[in-house]
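> I'd like to ask you about the structure that follows.
The values are calculated or read from the model by the stated rules, or taken from the named source; none is laboratory data. Note that the structure is a prediction, hence the values are computed from the model and not measured. Here the Cβ is made from the backbone with ideal geometry for all residues, glycine too, and neighbour counts use every protein chain on show. For accessibility, only protein heavy atoms count, side chains too; no ligands or nucleic acids. Shrake-Rupley method; radii C 1.70, N 1.55, O 1.52, S 1.80 Å.
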Amino acid sequence: MRVRSKDKSQLAVSVKTKDKSQYAVSVAAYLFIGGFALICLVPFWLMYIGSFTAESQIVQGFRLFPTEFSLDSYRFLFQGSQVYTSGFVSIAITVAGTVAAVLITAMFAYVTAHPKVKYRYILSFYIYFTMLFPPGLVGYYLLISNWLHLRDSLLALLLPLLFSAFNAFLMTSYFRTLPFELNEAATVDGAHELYIFFRIIWPLSMPVIATIALFYALSYWNDWFNALMFIDDPQRHPLQMMLRRIVSNSQNLDYLNSNINIPVAATGVQLSTVVITIGPIVFLYPFLQRYFIKGMTIGAVKG
């Protein structure tokens, strides 16, 4: 009995020691991650608070907590028509492009992941080949401008990002993890491939669809290079192109078409424009986060 009690006491001590060591490691990890997150947050805070800072303080430098707040930069920005025009273009291109890109990518990935499709490996190699040997900027520009004649068209912002080989491979890998017995069972019941894809595979693939949708939404929302090359009309400029023109030339505030005559600092207008451009895409994360934290294939197949 003494030996057993001694062993129990030693076991209890070892368990307490392990608990303390694990607690210390957890605390150290949380402190490190919290400190790193704080370092990453500081530039965003300076940008955000700088957009609400008066002109007299902006010219003196950035501060974490300014003493004089002002909405002149936002008032100057929203009194113009360009921010509304560019905002509508960005939202329309992002929504339409994301929906179309996710649908096309998912359908292609379903075909390449289907074990009964004869030429699935050829299609996969065709897409993989474009990743290894891109056409280059000259061929890309000639294709959009001279051959497709899409210059100064919103299709020049929509079509180039409509399909991503990387996203297709991610979705193909996910589709291959789904049990093929679902397809066979639905086929026996008389379902065709479109029904199987949209009524069975699509609901089970919401985690990867949400991820790919977020990737495409970020690509469309942050795209300014296509607008720089192919869009000359300011009425078709997205928000990112508007921001680039303001940042590249701080004296180009007339581009905003603002009719308010108040003294504003170019830096304040730039910061307020940045806040407006990153705001909508940040609010997209909470709506997609629930698909990242849980899978939807549990219980789909019962043996």
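> For the condition free of Cβ contacts under 8 Å to residues at least 12 places away in the same chain and acidic (D, E), what is the one hit in D189, D232?
Answer to the selection: D189.
> Another question, if that's okay. Looking only at residues that are in a helix (DSSP H, G or I) and among the aliphatic types (A, V, I, L, M) in the stretch 161-174, which one is most open to solvent (accessible area, probe 1.4 Å)?
L170
> Right, another one. If you check A191 against the conditions, is it in the same structural domain as V275 (by TED's automatic domain parsing), small (G, A, S), at pLDDT below 90 and not in a helix (DSSP H, G or I)?
Judged against the criteria, A191 is a match.
> Separate question: Filter the stretch 179-198 down to the residues that are touching a helix residue (DSSP H, G or I) at 6+ places or on another chain (Cβ under 8 Å) and open to solvent by 20 Å² or more (accessible area, probe 1.4 Å) and list them by number.
L182, T187, A191, Y195
> Related question: Tell me, yes or no, whether the stretch 53-61 has at least one residue that is charged (D, E, K, R), at pLDDT below 80 and open to solvent by less than 100 Å² (accessible area, probe 1.4 Å).
Yes, the stretch 53-61 contains at least one residue that is charged (D, E, K, R), at pLDDT below 80 and open to solvent by less than 100 Å² (accessible area, probe 1.4 Å).
> Also, quick follow-up: Counting residues that are modelled with pLDDT under 85 and in contact with a strand residue (DSSP E or B) (Cβ under 8 Å, 6 or more places away or on another chain), which helices (runs of 4 or more DSSP H) fully inside the stretch 198-303 reach at least 1?
266-282
> Is it the case that some residue within the stretch 202-213 is assigned by TED's automatic domain parsing to the domain that holds G97, without any contact (Cβ under 8 Å) to a residue 60 or more places away in the chain and surrounded by fewer than 14 Cβ atoms within 10 Å (Cβ to Cβ)?
No - not one qualifying residue is present in the stretch 202-213.
> Out of the residues in the stretch 98-115 that are among the β-branched types (V, I, T) and farther than 18 Å from F180 by Cβ, which is surrounded by the most Cβ atoms within 10 Å (Cβ to Cβ)?
T105
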